[in-house]
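These notes are about the structure you will find just below.
The values are calculated or read from the model by the stated rules, or taken from the named source; none is laboratory data. All of these numbers come straight from a predicted model, not from anything done at the bench. Glycine also receives a Cβ, built like all others from the backbone with ideal geometry; neighbour counts cover every protein chain displayed. Calculation scope for accessible area: heavy atoms of the full protein, side chains included, ligands and nucleic acids excluded. Shrake-Rupley method; radii C 1.70, N 1.55, O 1.52, S 1.80 Å.
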Number of protein chains: 2
Amino acid sequence: MSYSGAVQELIDQLGRLPGIGPKSAQRVAFYLLRCPPEDANRLAGAIAEAKARVSYCPKCFNLAEQGGLCAVCRDPARNPRLVCVVEDAQDVVAVERTGEFAGRYHVLQGAFSPIDGVGVDQLRLKELLERVTDEDITEVIVATNPNLEGEATAMLVHKYLKPAGVKVTRIASGLPVGGDLEYADELTLGRALEGRRSIEEPQNAR
Amino acid sequence: MSYSGAVQELIDQLGRLPGIGPKSAQRVAFYLLRCPPEDANRLAGAIAEAKARVSYCPKCFNLAEQGGLCAVCRDPARNPRLVCVVEDAQDVVAVERTGEFAGRYHVLQGAFSPIDGVGVDQLRLKELLERVTDEDITEVIVATNPNLEGEATAMLVHKYLKPAGVKVTRIASGLPVGGDLEYADELTLGRALEGRRSIEEPQNAR
């Protein structure tokens, strides 16, 4: 015997979520069956609501609501001539949390990885080039992940924007703050050495 | 900046599920935003559907649908005079998977743990006693978890059913099959020694 129809269906649907295995799916399903109906319905409602209301910003492809521009593109206080290129909408939030960036974003919606079917056409590169030409952008900061796909994407952005003659920079790789030289891997430490700079006042990207 | 209303609400609701931390909630939320709308709606629907349709069996408190008896209680092939007492509906499925039990169940809906507010009145003990008296039950197998709460619950069931004069047995504790004597903890090994039996044909609980 396994579970009855509705319970099994719930376990199956939960098990399809990333990072949720069969055991977790079962635990979550039983939690949902036990909890007050309001709580379960609030979750079901939040899923449906987010799916119905959330869309992508037509300008930078960050998350937006009701088909309009995203919060960053709508904000007149942000520097429109400085654009930070990231892979995903999550990365926008990560950069925002630093409080060090006051420009706009451009979300590529992925990283260059032909083996996973993400090539030049799957990334929002054409739209980025259009923005660079139309919006008089002076600097493009490439903040893709410091891994194989992210570095490849950074090179791609650099090559793609070359004809436009815009300044393209890459965020620094190096030791994480609070890290320990002794435990740093040699690639990271090598990058930290390579990217050394003279000790002076830091410059914010504003 | 954090996420916009509908996205943050979805992350918050997902983060309330057991075993899902803030990072997992964010990952699941972004998965749901990216996936086809049918998939997300199927999950939202499964939650609402399970919540609306699934109820507890009025006889044994196992999961049932539409307020009726559960699949085990409805099955005329099962031995109605043998009852296995478990803590939760998940445990019914665990016992069913063994294929070694052909009786009925009684789900206590918890384990005795006064510190968590689960006392005698929160468990389905009164209903168990009623069943024992009314249904001419000959043996009650207590299959609560082999931990502190489960053992306390087993003792409680034993004491509670004493006046009815029914045979109350407890599932064996010992080394798990495929386990290794060398790595067994002393409590488990002690129980295995204490519960030793003569080598003979095993008896099924049918």
Checklist entry - Of the residues in segment B:76-87, how many are within 21 Å of residue B:108 (Cβ to Cβ) and in a loop (DSSP other than H, G, I, E, B)? => result 2
Checklist entry - For residues in segment A:46-66 being more than 30 Å from residue B:89 (Cα to Cα) and part of a helix (DSSP H, G or I), which is farthest from the other protein chains (Cβ to nearest Cβ)? => result A:52
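Identify all residues within segment B:90-105 that are under 14 Å from residue B:56 (Cα atoms) and touching a Phe, Trp or Tyr at 6+ places or on another chain (Cβ under 7 Å); write none if there are none. Before you say what the answer is, go through the steps one by one.
The first filter runs over segment B:90-105 and keeps only residues under 14 Å from residue B:56 (Cα atoms), leaving B:90, B:92, B:105.
B:90, B:92, listed by residue number.
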Next on the checklist: Within segment B:12-33, take every residue that is facing chain A (nearest Cβ under 7 Å) and not in a helix (DSSP H, G or I) and give me the one that is least open to solvent (accessible area, probe 1.4 Å).
Outcome noted: B:17
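How about segment A:144-160: which of its residues are touching a helix residue (DSSP H, G or I) at 6+ places or on another chain (Cβ under 6 Å) and either more than 15 Å from residue A:171 (Cα to Cα) or in a helix (DSSP H, G or I) (or both)?
Restricting attention to segment A:144-160, the residues satisfying the condition of being touching a helix residue (DSSP H, G or I) at 6+ places or on another chain (Cβ under 6 Å) are A:144, A:160.
The one that is touching a helix residue (DSSP H, G or I) at 6+ places or on another chain (Cβ under 6 Å) and either more than 15 Å from residue A:171 (Cα to Cα) or in a helix (DSSP H, G or I) (or both): A:160.
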Item to check | Residue within segment A:95-114 that is of a type in the set (S, T, N, Q) and more than 30 Å from residue B:5 (Cα to Cα) present | outcome: yes
Checklist entry - Is it true that some residue in segment A:158-181 is touching a His at 6+ places or on another chain (Cβ under 7 Å), open to solvent by less than 20 Å² (accessible area, probe 1.4 Å) and over 24 Å from residue B:26 (Cα atoms)? => result no
Item to check | Residue in segment A:34-45 that is in a loop (DSSP other than H, G, I, E, B) and either at the interface with chain B (Cβ under 7 Å from one of its Cβ atoms) or hydroxyl-bearing (Ser, Thr, Tyr) (or both) present | outcome: no
Checklist outcome for this item: How many residues of segment B:34-47 are exposed (fewer than 15 other Cβ atoms within 10 Å of the Cβ) and either touching a Ser or Thr at 6+ places or on another chain (Cβ under 8 Å) or within 19 Å of residue A:9 (Cβ to Cβ) (or both)? The answer is 3
Checklist entry - How about segment A:40-68: which of its residues are in contact (Cβ under 8 Å) with a residue 40 or more places away in the chain and of a type in the set (D, E, K, R)? => result A:59
Checklist outcome for this item: Checked pairs for segment A:105-133, first hydrophobic (A, V, I, L, M, F, W, C), second in a strand (DSSP E or B), C-beta under 6 Å and 6 or more apart or across chains, list as A:107/A:86; A:128/A:106
Checklist outcome for this item: Scanning segment A:67-109 for residues that are touching a Leu at 6+ places or on another chain (Cβ under 6 Å) and away from chain B (no Cβ under 11 Å) gives A:87, A:103, A:106, A:108
